Amino acid sequence: MSLVGTVEVSEGPLAELWKEYGKADSRWLVSDPTIVSLEILTVVLDSLIALLLIHAIQNDKYYRHFLQVSLCVCELYGGWMTFCPDWLQGSPHLNTSNWLHLWVYLLFFNGIWVLIPVLLLLQSWFCLKDLHALRSAATKKKKQL
């Protein structure tokens, strides 16, 4: 919607959803260049990585955790770049005066986009740690022989 107009003047169920969220973060109502740039990156790059990751998980591919870490870092970076510039300006586009907008729209819904990548990063960390321990043990065993 933001590539051909704005959410503010768009119609339809998806536009209504974004108009509702726009009550909490007004940048989503207009074609804010930072938001649109991040969303283009998310839709193109993150979607491709996510599809490859699904394939890697389903087929137990060796590159699964590389993709998982990459996707999580991209998502966390996107979230940071969505909100940090606004915070540095004193949050002029964020409606923090309304309980629903602050706690549900801004913190809860956006918090999910932080919590899930952090949990998946931890999963990858522990899997890679275990893999390293196995490899170290095997190398140590070979040296003893």
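The values are calculated or read from the model by the stated rules, or taken from the named source; none is laboratory data. Only a predicted model underlies this, so the values are computations on that prediction, with no experimental measurement involved. FYI the Cβ positions are ideal-geometry reconstructions off the backbone, even for glycines, and counts take in every protein chain you see.
Name the residue that is nearest to VAL73 (Cα to Cα), counting only residues in region 103-135 that are of a type in the set (Phe, Trp, Tyr) and in contact with a helix residue (DSSP H, G or I) (Cβ under 7 Å, 6 or more places away or on another chain).
Checked region 103-135; the qualifying residue nearest to VAL73 (Cα to Cα) is TRP113.
Checking the structure you have, find out if any residue of region 106-121 is modelled with pLDDT of 95 or more and touching a Lys or Arg at 6+ places or on another chain (Cβ under 9 Å).
Within region 106-121 (the criterion being modelled with pLDDT of 95 or more and touching a Lys or Arg at 6+ places or on another chain (Cβ under 9 Å)), the answer is no, since none of the residues qualifies.
What's the number of the condition ARG27 fails, among (1) under 20 Å from the mean Cα position of the chain (by Cα); (2) among the basic types (Lys, Arg); (3) under 25 Å from LEU122 (Cα atoms)?
(3)
Given the criterion of a type in the set (A, V, I, L, M, F, W, C), surrounded by 13 or more Cβ atoms within 10 Å (Cβ to Cβ) and either at pLDDT below 95 or within 23 Å of PHE126 (Cα to Cα) (or both), identify the matching residue among LEU3, LEU94, LEU53.
The conditions single out LEU53.
From the list VAL44, VAL36, which one is hydrophobic (A, V, I, L, M, F, W, C) and surrounded by fewer than 12 Cβ atoms within 10 Å (Cβ to Cβ)?
Testing whether each residue is hydrophobic (A, V, I, L, M, F, W, C) and surrounded by fewer than 12 Cβ atoms within 10 Å (Cβ to Cβ) leaves just VAL44.
Hey, among the residues in region 14-28 that are among the small types (Gly, Ala, Ser) and free of Cβ contacts under 8 Å to residues at least 40 places away in the same chain, which one's nearest to VAL4 (Cα to Cα)?
Taking the candidates together, the pick is ALA15.
Looking at this structure, is THR42 closer than 21 Å to VAL114 by Cβ, of a type in the set (Val, Ile, Thr) and at pLDDT below 95?
So THR42 passes the test.
Tell me yes or no: at least one residue of region 115-138 is among the aromatic types (Phe, Trp, Tyr), surrounded by 13 or more Cβ atoms within 10 Å (Cβ to Cβ) and in a helix (DSSP H, G or I).
Looking only at region 115-138, we keep the residues that are among the aromatic types (Phe, Trp, Tyr), and these are 125-126.
So of that shortlist, the ones also surrounded by 13 or more Cβ atoms within 10 Å (Cβ to Cβ) come out as none.
No: zero hits.
Given the condition more than 19 Å from the chain's Cα centre (by Cα) and over 29 Å from HIS132 (Cβ atoms), answer yes or no: does some residue in region 62-78 qualify?
The answer is no, given that none of the residues of region 62-78 is more than 19 Å from the chain's Cα centre (by Cα) and over 29 Å from HIS132 (Cβ atoms).
From (1) in a helix (DSSP H, G or I); (2) modelled with pLDDT under 95; (3) small (Gly, Ala, Ser), pick out the condition that doesn't hold for SER47.
Among (1) in a helix (DSSP H, G or I); (2) modelled with pLDDT under 95; (3) small (Gly, Ala, Ser), the lone unmet condition for SER47 is (2).
Is it the case that some residue within region 71-91 is surrounded by fewer than 12 Cβ atoms within 10 Å (Cβ to Cβ) and either in contact with a helix residue (DSSP H, G or I) (Cβ under 8 Å, 6 or more places away or on another chain) or among the aliphatic types (A, V, I, L, M) (or both)?
Yes.
For region 63-98, what are the residues that are part of a helix (DSSP H, G or I) and small (Gly, Ala, Ser)?
Residues satisfying the conditions are SER70, GLY78, GLY79.
Residues SER124, SER97, SER31: which one is without any contact (Cβ under 8 Å) to a residue 60 or more places away in the chain and within 21 Å of THR6 (Cα to Cα)?
On the way: SER124 fails: within 21 Å of THR6 (Cα to Cα); SER97 fails: within 21 Å of THR6 (Cα to Cα).
Being without any contact (Cβ under 8 Å) to a residue 60 or more places away in the chain and within 21 Å of THR6 (Cα to Cα) holds for just one of SER124, SER97, SER31, which is SER31.
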